[in-house]
Amino acid sequence: MHIGHMRNNCIGDSLQRIMRFVGYDVTSENYIGDWGTKHGQVIYAFKKWGSQEEFEEAPMEHMYELYVKLHDEADEEDKEKAREWSKKIEEGDEEAVELWEMFREATIEYNQKEYERMDINFDRWTGESVVAEDAQGVIEEGLEKGIFQEDADDSIFVDFEDEKYPSTVVKRSDGSTLYLSRDVANIKKRGQEGFDYNIYVVANEQDLHFQQLFEIADMFGIEGIQNEHISYGMVHLQDGSMSSSKGNIIKLSDLLDKAVEKAAEVEQRDVDNAEEVGLGAIRYANLSVSRPKDIEFDWDQVLDFEGDSGPYLQYTNVRAKSILRESNIAGELTGELNDQEYRLVKKLAEFPEIVEAAADQREPAKIANYLSTLSEEFNSFYHSCQVTGVDEETEKRRVKLVESFAEVPDQ
């Protein structure tokens, strides 16, 4: 995974937490792209240049190196042979399946460690391979119903009524299925499992794919499940776009390491946990930008711990809890609020409405931005309203306000 996957993971994880919080019964699923052309490419590259010893020593690094090398050096003959290996996987060829499983397991094991580090958990891991066989049935059903058509080269395609979307291939001439046919099979599967909503968190470069997918699902008459594509803007490097096949990416693990390293360098008297501070900065940088907007990745901006940032929220929360440790009085909303106290209460009262809006609009940035303004309001309160060492009624009231503030980020 690279830095572009950080936004996908942050948004997806945040949404499943938000939806649970407002009362939905959620199953979070890591639906991995474990089928198709790229896997044939890795197998072919491994057969041509790979080393079992190097794979066992550093599996992900070796597979990625081979993947980039294939794209750098492959001629048409190499590309054709790679496609043949993809087809072999789909046909159940023993060697192809054995290598595919070895690479798949190594990838999942590697990524699982990064997910654990980011505190991202899935209820289940599935993937395109789970519905690969069902996709063949989708093709047959689509042909029978007249939804799909066969081309002169034996490929299968779909036309959309009134040319609403561009026509697209759902099965290659060599008999292998494509994303669309597998995704239709997956919608049918999730409908059969009893889900009411089927939500995909995928970048906006796939907008057309999902428009076509949902239209095809309607053509098939799949009912009882609402499909949504949660689209979001891409992450760009300052010196150009990223490409896994070209090798010009910033690995997610390097991003996390550098964020923690930066956090460890910063003198902060309230928080000394560099891992939590560094990863908090990365999460907030991804979640605080509205979904449709692209992000231009800038190390200095992402790791700026001042002002509107993840660490600012963390430090404010730590400050609140420090106040609560200093006071031994139970909070109680008593007495008359002054202007600063009232402004904090008013901002706290917005929380339920903000969360509902974030859930309805599938927009985590609403909560991130709310927490930033709430933290500003709390810090204004902190600097103008002494909590401890005042009369008992005032201390009770202000302790209650601090308690109420501390509860919001904890939720």
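Every read-out reported here was derived from the displayed coordinates using simple, explicitly stated rules and does not represent laboratory data. Everything numeric here is computed off the predicted structure, so don't read it as measured data. Note: ideal-geometry Cβ built from the backbone for every residue, glycine included; neighbour counts use all protein chains shown.
Normalised Debye scattering of the chain at q = 0.06, 0.07, 0.08 Å⁻¹ gives log10 I(q)/I(0) of -0.33, -0.44, -0.56, counting only Cα atoms as equal scatterers and leaving out solvent.
Under a point-charge model restricted to the Cβ atoms of Lys and Arg (+1) and Asp and Glu (-1), what is the dipole moment magnitude of region 252-410 relative to its Cα centre, in debye to the nearest 20?
Roughly 320 debye, rounded to the nearest 20.
For region 1-151, what Kirkwood radius comes out of the mean inverse Cα-Cα distance, in Å?
Details: mean 1/r = 0.0564 Å⁻¹.
One over the average 1/r among Cα pairs gives 17.7 Å for region 1-151.
Where does region 80-157 land on the Kirkwood hydrodynamic radius, alpha-carbon pairs, in angstrom?
On the way: mean 1/r = 0.0646 Å⁻¹.
Evaluated over region 80-157, this radius sits at 15.5 Å.
Taking Lys and Arg as +1 and Asp and Glu as -1, the other residues whose beta-carbon sits under 14 Å from that of Ile11 total +3.
For the chain, set up a GNM with springs between Cα atoms under 10 Å and report which of Gly36, Gly310, Gly137 has the largest fluctuation. In the Gaussian network model the winner is Gly137.
Using the Cβ atoms and a cut-off under 12 Å, what net charge is assigned to the surroundings of Ile120, where Lys and Arg are +1 and Asp and Glu are -1? Present the calculation step by step, with values, prior to reporting the outcome.
Numbers: positive: Arg17, Lys113, Arg117, Arg283; negative: Asp13, Glu114, Glu116, Asp119, Asp123.
Residues near Ile120 contribute -1 overall.
Against the chain, whose longest principal axis is taken from its Cα atoms, helix 3-21 shows a tilt of about 60°.
One-quarter of the Cα convex hull surface for region 32-120, in nm²? Write down the numbers at each step before the final one.
Working: hull surface 23.8 nm².
For region 32-120, the mean projected area of the Cα convex hull comes to 6.0 nm².
Quick check of the Kirkwood formula: for region 183-231, what is the inverse mean of 1/r over all pairs of different Cα atoms, in Å?
Values: mean 1/r = 0.0920 Å⁻¹.
Over region 183-231, the inverse of the mean reciprocal pair distance is 10.9 Å.
May I ask you to derive the relative contact order of region 252-410, considering only C-alpha pairs under 8 Å and at least 6 residues apart, and to give it as an integer percent? Intermediate results must be reported in sequence, preceding the final value.
Values: 171 pairs, mean separation 44.4, N = 159.
It rounds to 28 percent for region 252-410.
Which FRET efficiency value, to the nearest 0.05, is calculated for Gln52 and Glu376 with the Förster distance at 60 angstrom and r the Cβ-Cβ distance? It comes to 0.60. In region 82-212, if every C-alpha pair distance is counted and binned at 10 Å from zero, what percent goes to each bin? Reading upward from the zero bin: 10, 33, 37, 17, 3, 0.
Putting +1 on Lys and Arg Cβ atoms and -1 on Asp and Glu Cβ atoms, find which of Leu180, Gln149, Ile323 reaches farthest to the positive end of the dipole of the chain. Selected residue: Ile323. Built from the Cα atoms of region 1-42, the convex hull projects on average onto 3.8 nm², one quarter of its surface area.
Bridging of Lys396 to aspartates and glutamates at a Cα separation below 16 Å is possible for Glu326, Glu332, Glu336, Glu341, once same-chain residues fewer than 8 apart are set aside.
Per residue of the chain, what 222 nm ellipticity follows from adding -39500 (n - 2.57) for every DSSP H run with n ≥ 4, rounded to the nearest 500? Write out the running numbers ahead of the final one.
On the way: 17 runs with 242 residues, N = 411.
Estimated from H runs of four or more residues: -19000 deg cm²/dmol.
Write down Rg/Rh for region 322-411, rounded to two decimals, with Rg from the C-alpha atoms and Rh from the Kirkwood relation over Cα pairs. Walk me through the intermediate numbers first.
On the way: Rg = 13.9 Å, Rh = 13.7 Å.
In region 322-411, Rg relative to Rh is 1.01.
Between Glu84 and Glu205, the simple spin-label model (points 7 angstrom out along Cα→Cβ) gives 3.0 nm.
Across region 1-104, Cα pairs under 8 Å and at least six residues apart give a relative contact order of 30 percent.
Counting only DSSP beta bridges with both residues in the chain, tell me the antiparallel percent, nearest 5. List each step's numbers first, then the result.
Values: 10 of 22 bridges.
So the antiparallel bridges in the chain amount to around 45 percent.
Of the GluC sites (Glu not before Pro) in region 156-240, the ones in a loop by DSSP (not H, G, I, E or B) with at most 12 other beta carbons within 10 Å are Glu193, Glu223.
In terms of Cα atoms, the Rg and Dmax of region 252-410 work out to 17.1, 52 Å. Loop-located trypsin sites (Lys or Arg not before Pro) in region 93-167 (DSSP state not H, G, I, E or B) with no more than 13 neighbouring Cβ atoms inside 10 Å: Lys145, Lys164. Taking 0.36 nm per residue of separation and subtracting the current Cα-Cα distance, fully stretching the chain between Glu77 and Gln301 would add 76.2 nm.
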